[in-house]
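For reference, the structure discussed in these notes is given below.
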Amino acid sequence: MTADGYYRSQLKGMMSARRPQIYGGLIVLGLALITILPLVTTFVISFYADGASLLDEFSTANWIDAIFGYPDVILNTLVFAFGSALLTTALSVFISWSIARTNVPFGRIWYYLLFGMIFIPPIVWEAVWIRLLGPNGFYNALLPFHLDVFSLYGMILVQGIFMLPLSLIVLIPVFANVDNSLEEASRMSGGGVLRTIRSVTLPLVMPGILASFLLVLVISLGNLRVPLMIGLPADIYVLPSKIYEDAVQAPTQYGAAFVDGTLLILFALPIFYFYRKALGDTGRYETIGGEAFSQAPVELSRRGRYLLSSVIGLLLVVVTVVPVLVMIHGSFSPYIVPFQDLFTGSHPSFTLQPYTVLLDDLTAQRAVRNSFIAATIATLLTIFGSVFLSWVVYKSDIAYRKVIDYMSFLPIALTSVSLALGFIVIFLRIFPIGIYGTIWIIVLAYVTRSLATTIRVVTPSVQQIQDVLLEAGVMSGANKVTRIRTIVFPLILSTVHAVGALRFAILFHELPVSLLLQPANLPLLAPYLYELSVQGNYPRLAAIGVCVTAFLVVATVVIHRLGSSDDT
Amino acid sequence: MTDDRTRGCSYRCGETTRRSVLGATGGLSAAALTGLAGCLGNGEEESEELTVYTNIPFEEIADGYEEETGVGVNYVTLQGQEPITRYVAEADQEQYDVDAICCNSTGMWQLFEDDIPATLDLSDEQIDRQFSLSGMAETYQDRLGDDVLQRAPPILLQIGAFHYHTESVSDPPTSYLDLLDDRWEGETCTQPFTMMYVLQALEEHLGTEEAEEYILDYHDLDPQYIGGGGSNVQSVLGGDNDLAKYIWGFYSSQEISDGAPIDLTFVDELSFSTQVMIRPENAPNPEAAEEFIEWTISESGQEIVQSLAGGSIPAREGMEYGHDHVQQRWEEWQDAHPDTDPFPTVQSPESAQEYADRIDELIGL
């Protein structure tokens with residue numbers, strides 16, 4: 001053997017022995033590029049950006065301006081996020097308990113009605129609530145007092161209600177998995193319903209509730225829709241709306257924008273830590289225990305359960321049914337008409353015009369097409385990425401699995417606006433690889449944003465794949481790719497369908513990343529809806545809202561059906 | 001042998017179904033990704049499309065131009081001065097995706113300050129036709145330099161008006177001063193950025209002290225500041241406010257045609273601005289952009305501008321509002337003020353900064 005051949009063989013042997021470290025290292029590097037780097041970049045640039053320049057001299061002036069210049073904005077941000085999370089959690093705990101833990105009638109219908117809210121596009125949702133709680137809003141016409149939507153509590157109300165479906169997705173399984181025998185034991189020892197809830201059910205579900213609260217909190221911290229639509233007209237600024245103005249409006253104030261982006265991350269990081277901890281505790285307190293496990297509902301009296309169902313039904317009418325009716329009503333009106341005019345006889349004739357003009361609205365068509373394409377690509381990449389990372393963490397011998405697990409979760413702490421800011425610097429200055437100003441930067445940001453929550457849903461399915469199946473694959477000589485393709489994917493297909501449908505629905509009308517990174521020549525749906533609202537074109541906005549909602553409902557049902565036919 | 005074949009078949013059959021499904025899914029996904037990526041590329045077919053930032057309804061103009069020339073116009077409708085501020089912010093980062101900016105003349109000084117508008121090849125005749133109102137060209141040149149006429153041709157006149165709900169307002173106000181009555185407390189809305197132009201117009205009519213006092217008094221009456229002219233009109237129609245102040249005349253044309261309970265009056269202290277077309281120096285399709293701008297000031301382009309949003313008034317000499325009722329209101333104002341020329345609100349960088357600072361100091365906007 002020649003010396004060259006010897007060294008080559010040695011190198012090959014070393015590479016082979018180090019393969020887990022090399023692969024693990026590459027994955028860590030890839031994840032760092034889209035998670036750690038935006039985070040660090042946002043922080044570092046906050047000391048260097050000045051006006052329209054991203055890289056000026058080092059200065060702490062931006063931070064001093066933020067802390068002493070607009071503490072009210074920081075306070076508004078925290079009040080808005082905490083208020084929204086508290087409202088969502090309070091409502092969803094009540095609804096989840098009722099649907100998952102009791103024999104309340106129509107529970108499934110109530111759940112689907114609430115879940116349907118997730119399909120209503122942003123901006124349309126806020127525009128509808130302005131119609132409900134504006135000075136001449138329908139609810140204000142019914143209420144004995146005036147509820148001003150253009151206020152901090154109005155913002156909290158609208159955001160808190162909109163986050164309900166997401167919170168329910170997290171909480172209903174938590175409540176459903178509580179072992180009923182413990183509650184029965186409590187009642188057998190004389191505890192009433194309320195005492196049983198307080199002393200048995202709540203402690204069991206508390207980590208899940210905390211996880212749900214923290215998830216809503218961190219999402220609300222980075223929310224841009226409500227602050228733009230409801231906050232700005234009332235001159236109420238939160239950090240995301242201030243970032244939006246500083247980053248896309250002249251005079252550009254990148255210094256302030258990056259400080260605010262960093263502040264959002266600093267607020268989100270402890271939430272991220274506690275969220276992960278709460279998720280761990282959820283698993284620790286799981287009570288599934290073989291044959292003794294019982295999920296029988298809490299039996300309420302006939303009167304009690306119908307009363308409870310009525311309360312939930314009424315709540316649903318207020319937060320879902322009426323807003324949807326107002327949206328539909330708006331979409332058939334020739335111009336903006338108060339909803340209550342339907343009952344006063346002064347209503348103009350209905351018209352199909354808001355729908356028919358959509359056929360000629362080329363910008364709307366382009367926006368829908370671009371958003372469809374971006375959401376589809378991002379959904380596919382997110383699903384593949386999530387399954388791959390779950391498999392790496394739980395089913396492979398690759399090195400640095402704990403680091404990979406942690407890093408793949410980190411984007412939760414990167415609020416959408418902070419992530420978008422980080423991406424601007426990374427792909428404009430650090431790695432100018434030509435994706436800034438194209439749809440690809442948006443797809444990448446979508447994937448980064450979606451990865452953590454998708455992994456959370458996909459992981460249990462990957463975990464349940466027994467090692468013996470993978471070992472059988474190894475025995476039969478299948479390589480890793482074949483094992484993933486022929487063993488892992490068929491077993492997780494139904495989860496992939498469910499999470500894929502949901503992810504697509506969310507990304508199809510995503511706003512903050514789209515608004516901050518959208519190239520001028522590639523309109524996207526959510527920013528276009530924002531344009532329509534600015535123009536005051538409410539009938540067309542409502543018509544698009546109806547069409548998009550219907551499309552997403554149908555798409556979700558179709559994707560789910562595809563999943564069930566595969567299962568059979 | 002038979003066993004092997006059977007086993008092999010069974011293995012293959014079992015695998016084939018699963019593989020075929022997954023293979024097909026994988027293949028479809030790959031094909032979809034490739035195909036979708038192709039749709040998104042800035043390929044040759046995209047170069048036939050112009051990108052325009054605007055703050056007025058632009059659908060008719062885009063459709064009209066595409067119909068006449070086959071060139072698509074991708075427009076992004078922003079609010080207030082956003083077409084200008086966003087372009088300046090993007091130019092700061094050397095991002096040049098926009099071929100033309102359709103913006104209000106009141107804020108275009110920001111583009112001139114950064115030397116963004118390109119010089120167009122317009123004839124004197126074209127310029128004279130577009131700067132049609134008395135003293136208009138001179139004021140523009142005085143504020144932004146002699147070459148402004150070649151760099152920012154107006155396509156549309158923006159004449160400030162009060163838009164009011166006909167069921168709530170029986171005796172519509174005709175002067176800014178009328179709005180200081182308690183009857184209007186919490187019942188009016190306006191665009192925040194227009195307050196500096198109101199200050200400028202009132203200074204012309206009342207003098208500095210009274211104008212500033214007016215701004216303070218009006219602000220005390222708790223008006224709602226809403227971005228976007230259309231949003232202000234919709235706020236009136238939705239019953240949230242009785243009157244929208246200083247909104248361009250054409251914003252309720254379509255609604256009036258649709259029978260909505262809304263009307264307008266042009267105010268005594270009348271001021272106007274224009275909607276101008278600007279080609280940025282770094283437009284990605286400069287020739288196509290220039291052709292487009294020239295078309296917007298041509299006869300056919302101006303006729304389409306006239307139909308904008310249900311009927312507006314083009315800048316071209318001798319053209320009227322494309323809406324009979326709004327034109328009637330405009331003629332009523334002209335009859336009532338036979339010796340008055342509307343005051344042009346166009347800013348130089350210095351005066352814009354000065355007025356912005358004063359408004360900020362007075363009412364924090």
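The values are calculated or read from the model by the stated rules, or taken from the named source; none is laboratory data. None of the values given here were measured: they were computed from a predicted structure. Reconstructed Cβ throughout: ideal geometry from the backbone, glycine too, with neighbour counts over all protein chains shown. When the accessible area is computed, the model is the full protein with side chains, heavy atoms only, and any ligands, DNA or RNA have been set aside. Shrake-Rupley method; radii C 1.70, N 1.55, O 1.52, S 1.80 Å.
Stokes-Einstein diffusion of chain B at 4 °C, 1.567 mPa s viscosity, Kirkwood radius from Cα pairs, rounded to a whole number: 57 µm²/s. Principal axis extents of the C-alpha atoms in segment A:411-470 (largest first, rounded to whole Å): 48, 22, 18. In the protein assembly as shown, a dipole from Cβ-located charges (positive for Lys and Arg, negative for Asp and Glu) runs towards its positive end, and of A:496, A:411, A:68 it is A:496 whose Cα lies farthest in that direction. Computed over chain A, the per-residue total of -39500 (n - 2.57) for DSSP H runs of n ≥ 4 gives a 222 nm mean residue ellipticity of -22000 deg cm²/dmol, rounded to 500.
This model, with +1 at the C-beta of Lys and Arg and -1 at the C-beta of Asp and Glu, gives chain B a dipole about its Cα centre of some 2460 debye.
Using the Cα centre of segment B:276-324 as the reference point, and only Cβ charges (+1 on K/R, -1 on D/E), how large is the resulting charge dipole? Debye, rounded to the nearest 20.
In debye, rounded to 20, segment B:276-324 gives about 160.
For the segment B:86-95, counting C-beta atoms of other chains within 10 Å of every residue's C-beta and taking the mean gives 6.
Placing unit charges on each Cβ (+1 for Lys and Arg, -1 for Asp and Glu) gives segment A:86-229 a dipole about its Cα centre, and among A:220, A:171, A:102 the Cα reaching farthest toward its positive end belongs to A:102.
Buried surface between chains B and A: roughly 4800 Å² of accessible area, summed over both sides, computed with a 1.4 Å probe on protein heavy atoms only. The residues of the protein assembly as shown present an accessible area of 40 Å² per residue when probed at 1.4 Å with all protein chains retained. Averaged over residues, the count of other Cβ atoms within 10 Å places the peptides B:64-73, A:65-74 in the sequence B:64-73, A:65-74, highest first. Projection of the Cα convex hull of segment B:110-191, averaged over all directions and equal to a quarter of that hull's surface, yields 8.1 nm². Distance from the C-alpha centroid of segment A:157-224 to that of segment A:409-461: 30 Å, rounded to the whole angstrom.
Just so you know, the Cα atoms of segment A:304-408 work out to an Rg and Dmax of 24.2, 71 Å.
Dipole of the protein assembly as shown (Lys/Arg Cβ +1, Asp/Glu Cβ -1, origin at the Cα centre): which of B:274, B:293, A:331 lies farthest to the positive side? Positive-most Cα among the choices belongs to A:331.
What's the center-to-center distance, using Cα atoms, between segment B:328-346 and segment A:18-35 in Å? Taking the Cα centre of segment A:18-35 as reference, the centre of segment B:328-346 is 71 Å away.
Partner shielding of B:62-68 amounts to 1, given as the average count of beta-carbon atoms from other chains within 10 Å of each residue beta-carbon.
Which whole-percent values make up P(r) of segment A:1-45 when all C-alpha to C-alpha distances are grouped in 5 Å steps starting at zero? For segment A:1-45, the pair-distance distribution reads 5, 19, 13, 13, 11, 10, 8, 8, 6, 3, 1.
Of all alpha-carbon pairs in segment B:169-252, indicate the percentage at a distance above 16 angstrom. Of the Cα pairs, 50 percent sit more than 16 Å apart. Residues of segment A:218-264 with accessible area at least 10 Å² lower in the all-protein-chain context than alone (1.4 Å probe)? So the qualifying set is A:233, A:235, A:244, A:248, A:249, A:250, A:252, A:254. Reported value for the protein assembly as shown: 212 Å³ per residue, from the convex hull of its C-alpha atoms. At 222 nm, what helix-only mean residue ellipticity would chain B give, in deg cm²/dmol to the nearest 500, using -39500 (n - 2.57) for each DSSP H run of four or more? Taken over chain B, the calculation gives -14500 deg cm²/dmol.
Overall, segment A:471-550 carries a charge dipole of about 240 debye about its Cα centre when +1 sits on the Cβ of Lys and Arg and -1 on the Cβ of Asp and Glu, all other atoms neutral.
Take every DSSP beta bridge whose two residues both sit in the protein assembly as shown; close to 55 percent of them are antiparallel.
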